[in-house]
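**Q** What follows is a single structure, and I will ask about it in a moment.
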Amino acid sequence: MNRSSTILITLLVSSLSLHAQDFQAQIAQKATALLPKVIEWRRYLHEHPELSNRETKTAEYVAAHLRSLGIEVQTGIAKTGVVGLLKGGKPGPVVALRADMDALPVLEKADVPFKSTVTAEYLGQTVPVMHACGHDSHVAILMGTAEVLAAMKKDLPGTVKFIFQPAEEGPPGTEEGGAPLMVKEGVMENPVVDAIFGLHISSSIEIGKIQYKQGAMMASSDWFTIAIKGKPSHGSSPWNSIDPIVVGTQIINSLQTIVSRQANIVDAPVVITVGKFHSGVRSNIIPEEALLEGTIRTLDSKMQTDVHERIRRTATKIAEASNAQATVTIDKKTLVTFNDSALVSRMLPSLQKAAGNGKVSIMNWVTGAEDFSFYGTKAPAFFFYLGGMPKGKDPKQAPSHHTPDFYIDDSMLDVGVKAFCNLVFDYKKK
């Protein structure tokens, strides 16, 4: 290579670098200026929450905003989902960004001006409704991202697909919903998505900070039911019974030995929780049946299969030992949320630009679950956490997600907007 060629290449690389810095500066400026609107959107959504598969008003709110930006909009995806398509002025890949929209049947206790007082019907009961997991923040961040990217459309490389998903918390009853239904209805196709990114606000990570993990990050979530059939009798003569309550308690205790004595937790953690035990109608009657319900969390697919088999064997054999019968049903809800390692390594600088030096760190895997995992079966995926805890607060004292006291400091949601926008602009560099 001669001297003139070397100089030309150096100038070209320098020009591209300056161009990238210019885009980063534009993103930062626009996201910061938009922050008051993002906060306003988030608080409106917080005050008007809707349950899974019932996010009709939220969907209308989102769709109207996207249309006002000139973005192509599809509605009614997976019941109430909204998908926006923004085609950039330059050739490039198709990048998807996802936000979930649904709230939970929780009574809010936090004393904020935009506190939810909404009630709705859930499985035949009237329940309070609250954004107790931060999905209102996710929607507002993605709405802000859409506005920034639409303003930079002529410089945008490729196409951005904005996915506003219903029912991440799980559809009610036997309904379909959430990411599995979005994928089933083709959200990752037409056009085919090359990579997908998502985030989750955290009440225990300080505002402005981002945490991530390569590979397995969040657990699979499976629900199980163990139906025990025994023999009823009067409570005064238990020898005439096959007591399903005693059998149930033995099963519950033994399930924990799968975690403590059988699963190799050096490879990955395992959680088995029985959250419901129902049996009997009167204190002096030994009933015929008992019902246990719970959840299983694993972070490895082979371990998931192994744990399922051990639960079935443990329950049925313990029941047999007492001449009872146990029927085990396991319903797979979500997959392991797995971050593509190559994608994470490649896109990590985008998060660092958004949050700043020293504010992006590696996290441990968590046993919470996310149906974002289903998008990763169709394209490389990267999911990360964004801080929502007030500065100076002790993470151990921060109210947990899914609780009445859940609280998010929304003063730095622009970091999420910057992160999404940087990921879109930087992904083209392959």
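The values are calculated or read from the model by the stated rules, or taken from the named source; none is laboratory data. Predicted model, so just to flag it, every value in this text is computed and none were measured. Cβ sites come from the backbone with ideal geometry, for glycine too, and all protein chains shown count toward neighbours. For accessibility, only protein heavy atoms count, side chains too; no ligands or nucleic acids. Shrake-Rupley method; radii C 1.70, N 1.55, O 1.52, S 1.80 Å.
**Q** Could you give me the residue pairs with C-beta distances under 6 Å whose first residue belongs to the range 212-226 and is in contact (Cβ under 8 Å) with a residue 60 or more places away in the chain and polar (S, T, N, Q), whose second residue is surrounded by fewer than 19 Cβ atoms within 10 Å (Cβ to Cβ) and not in a strand (DSSP E or B) wherever it lies, and which are 6+ apart or on separate chains?
**A** So the pair list comes out as Gln214/Ser341.
Rundown of residues vs (1) open to solvent by 70 Å² or more (accessible area, probe 1.4 Å); (2) out of contact with any His (no Cβ under 8 Å at 6 or more places or on another chain); (3) modelled with pLDDT under 95, yes/no style:
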| residue | (1), (2), (3) |
| --- | --- |
| Ala290 | no, no, no |
| Arg312 | yes, yes, no |
| Phe338 | yes, yes, no |
| Ile362 | yes, yes, no |
| Phe383 | no, no, no |
| Met389 | no, yes, no |
| Lys393 | yes, yes, no |
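**Q** Out of Leu86, Leu156, which single residue is in contact with a Ser or Thr (Cβ under 8 Å, 6 or more places away or on another chain) and more than 27 Å from Glu47 (Cβ to Cβ)? First the steps, then the outcome.
**A** Values: Leu156 fails: in contact with a Ser or Thr (Cβ under 8 Å, 6 or more places away or on another chain).
Only one candidate passes the filter, namely Leu86.
**Q** Given the conditions (1) in a strand (DSSP E or B); (2) buried (at least 23 other Cβ atoms within 10 Å of the Cβ); (3) out of contact with any helix residue (DSSP H, G or I) (no Cβ under 6 Å at 6 or more places or on another chain), and given that Thr273 satisfies all but one, which numbered condition is not satisfied?
**A** All conditions are met except number (2).
**Q** Please go through (1) in contact with a strand residue (DSSP E or B) (Cβ under 7 Å, 6 or more places away or on another chain); (2) crowded, with 17+ Cβ neighbours inside 10 Å; (3) farther than 17 Å from Val271 by Cβ; (4) in contact (Cβ under 8 Å) with a residue 24 or more places away in the chain for Ser350 and return the number of the only condition it doesn't satisfy.
**A** Result: Ser350 passes all but (1).
**Q** Let me ask something additional. Taking the stated definitions as given, is Gly208 over 30 Å from Val307 (Cα atoms), touching a residue at least 24 places away in the same chain (Cβ under 8 Å) and open to solvent by less than 10 Å² (accessible area, probe 1.4 Å)? Walk me through how you get there before you give the answer.
**A** Details: over 30 Å from Val307 (Cα atoms): yes; touching a residue at least 24 places away in the same chain (Cβ under 8 Å): yes; open to solvent by less than 10 Å² (accessible area, probe 1.4 Å): yes.
Yes.
**Q** Also: Looking at the structure I just gave you, is Arg98 touching a residue at least 60 places away in the same chain (Cβ under 8 Å), open to solvent by less than 10 Å² (accessible area, probe 1.4 Å), outside any helix (DSSP H, G or I) and of a type outside the set (A, V, I, L, M, F, W, C)?
**A** yes
**Q** Using the structure shown, decide if Lys332 is open to solvent by 80 Å² or more (accessible area, probe 1.4 Å) and either farther than 30 Å from Ser237 by Cβ or polar (S, T, N, Q) (or both).
**A** yes
**Q** Here is a further query. Looking at Thr119, Thr126, can you tell me which residue is open to solvent by 20 Å² or more (accessible area, probe 1.4 Å), free of Cβ contacts under 8 Å to residues at least 12 places away in the same chain, in contact with a Pro (Cβ under 6 Å, 6 or more places away or on another chain) and of a type outside the set (Lys, Arg)?
**A** Unique residue meeting the criteria: Thr119.
**Q** Go through the range 225-247 residue by residue and tally those that are surrounded by fewer than 21 Cβ atoms within 10 Å (Cβ to Cβ) and of a type outside the set (Ser, Thr, Tyr).
**A** Looking only at that region, the number is 12.
**Q** Additional query: Among the strands (runs of 3 or more DSSP E) contained in the range 160-253, which hold 1 or more residues that are on the phi < 0 side of the Ramachandran plot and in contact with a Phe, Trp or Tyr (Cβ under 8 Å, 6 or more places away or on another chain)?
**A** 195-206, 210-212, 215-218
**Q** Of the conditions (1) within 24 Å of Val38 (Cα to Cα); (2) among the β-branched types (Val, Ile, Thr); (3) outside any strand (DSSP E or B); (4) open to solvent by 10 Å² or more (accessible area, probe 1.4 Å), Val139 fails just one. Which one is it?
**A** The number of the failed condition is (4).
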